[in-house]
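Presented below is the structure to which this report refers.
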Amino acid sequence: MSKELLLNPTDYVGVSFWIISAAMVAATFFFWVERDRAEGKWKTSLTVAALVTGIAAIHYFYMREVWVITGDSPTVFRYVDWILTVPLQIIEFYLILAAIAVVAASLFWRLLIASVVMLVAGYLGEVNAANANFLWIAFIIGVAAWLYIIYEVFAGEASKINADKGTPGSQRAFHALRVIVTVGWAIYPLGYLYGYMGSGDVQALNIIYNLADFVNKIAFGVVIWVAATSDDAKAKPKKS
Ligand SMILES: *C/C=C(C)/C=C/C=C(C)/C=C/C1=C(C)CCCC1(C)C
């Protein structure tokens, strides 16, 4: 990779950092303004959606610069972004449940700890990528933590609360968020596998992670926005 000071228009990875920076800023503005249209407790959910894309926008500016100047993966900035935004998304899940029922704080902590384990394992794997054994062990630990989160939202306490007490709006949001955590989040471990164990291609790794962030941060917020601004968001939750 040649060293550059300005974004080269033929550097498609660099351009993807740039376009996603703009999309993150635009999404932040959108969620922020649309907050006015949401009812009661949904307002906080839209605020958190805006925080996620806002934090990501700042990291994307930096990541683009690291990429353009060094030609290397901006691994540190990427994981600093994830360690801030993934827990915020866990808070989103929890807020949706808490809007409809009394939810044990321990559920929140279990999801939070699992997400931190997933990211710390992934980070250690990536910064020690020269060690193939370590790369695999980190991957397996990361995937195990991710599967635990999936279990919790499909079969555990979180899913039961939602099935029993949710309003149609909150249930739709919860279903869509489950799809994001399962299908959307799956892009990340696939990127890790392909980028380190498959092609060893730093460009592919960054394109895949960038695409994943675009989907998982912006679509995640849009799902919340749909629920927050739909008419039945105004409906009262069922009494248990
Ligand atoms: C906004 C950023 C998000 C939603 C980041 C999510 C990241 C993941 C779901 C990462 C998952 C990984 C594994 C499941 C295995 C180990 C490697 C990781 C960290 C890429």
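The values are calculated or read from the model by the stated rules, or taken from the named source; none is laboratory data. Every value quoted in this text rests on a predicted model; they were computed, and no experiment measured them. Cβ coordinates were reconstructed from backbone atoms using ideal geometry, including for glycine residues, and neighbour counts include every protein chain displayed.
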Quiz prompt | Only listed residue being closer than 30 Å to Gly71 by Cα and more than 13 Å from the ligand (Cβ to nearest atom), chosen from Asp201, Asp164 | solution = Asp201
Quiz item: Of all residues in region 137-166, which are of a type in the set (Val, Ile, Thr) and free of Cβ contacts under 8 Å to residues at least 24 places away in the same chain?
Solution: Ile137, Ile140
Self-check item: In region 184-204, residue nearest to Glu92 (Cα to Cα) [restricted to those that are modelled with pLDDT of 95 or more, in contact with a helix residue (DSSP H, G or I) (Cβ under 8 Å, 6 or more places away or on another chain) and among the aliphatic types (A, V, I, L, M)]
Solution: Ile187
Quiz item: When residues of region 136-182 are filtered for being farther than 19 Å from Val102 by Cα and in contact with a Pro (Cβ under 8 Å, 6 or more places away or on another chain), how many remain?
Solution: 4
Exercise. Output yes when any residue across region 87-95 is among the aromatic types (Phe, Trp, Tyr) and either surrounded by fewer than 21 Cβ atoms within 10 Å (Cβ to Cβ) or within 11 Å of the ligand (Cβ to nearest atom) (or both), and no when none is.
Key: yes
Quiz prompt | Filter result for Ala204 (surrounded by 15 or more Cβ atoms within 10 Å (Cβ to Cβ) and out of contact with any Pro (no Cβ under 7 Å at 6 or more places or on another chain)) | solution = yes
Quiz item: Among the residues of region 221-230, is there at least one that is aliphatic (A, V, I, L, M), within 29 Å of Ala50 (Cβ to Cβ) and near the ligand (Cβ under 10 Å from one of its atoms)?
Solution: no
Quiz item: Would it be correct to say that Phe139 is farther than 20 Å from Ile187 by Cβ and surrounded by 14 or more Cβ atoms within 10 Å (Cβ to Cβ)?
Solution: no
Quiz item: Any residue at all in region 120-135 that is more than 16 Å from the ligand (Cβ to nearest atom), among the aliphatic types (A, V, I, L, M), surrounded by fewer than 18 Cβ atoms within 10 Å (Cβ to Cβ) and outside any helix (DSSP H, G or I)?
Solution: yes
Self-check item: Lone unmet requirement of (1) within 11 Å of the ligand (Cβ to nearest atom); (2) free of Cβ contacts under 8 Å to residues at least 60 places away in the same chain; (3) under 19 Å from the mean Cα position of the chain (by Cα); (4) within 29 Å of Tyr62 (Cα to Cα) for Arg78
Solution: (2)
Practice problem: State whether one or more residues within region 49-65 are in a helix (DSSP H, G or I), among the hydroxyl-bearing types (Ser, Thr, Tyr) and within 16 Å of the chain's Cα centre (by Cα). | Solution: yes
Quiz item: Hey, among Val116, Val102, which residue is more than 10 Å from the ligand (Cβ to nearest atom) and in a loop (DSSP other than H, G, I, E, B)?
Solution: Val102
Exercise. Return yes when Thr53 is crowded, with 20+ Cβ neighbours inside 10 Å, touching a residue at least 12 places away in the same chain (Cβ under 8 Å) and either over 14 Å from Asn210 (Cβ atoms) or among the β-branched types (Val, Ile, Thr) (or both) and no when it is not.
Key: yes
Practice problem: Exactly one condition in (1) assigned to a helix (DSSP H, G or I); (2) touching a residue at least 60 places away in the same chain (Cβ under 8 Å) is not met by Asn8; state its number. | Solution: (1)
Exercise. Spot the failing condition for Ala104; the list is (1) crowded, with 16+ Cβ neighbours inside 10 Å; (2) among the aliphatic types (A, V, I, L, M); (3) over 30 Å from Arg64 (Cβ atoms), and only one is missed.
Key: (1)
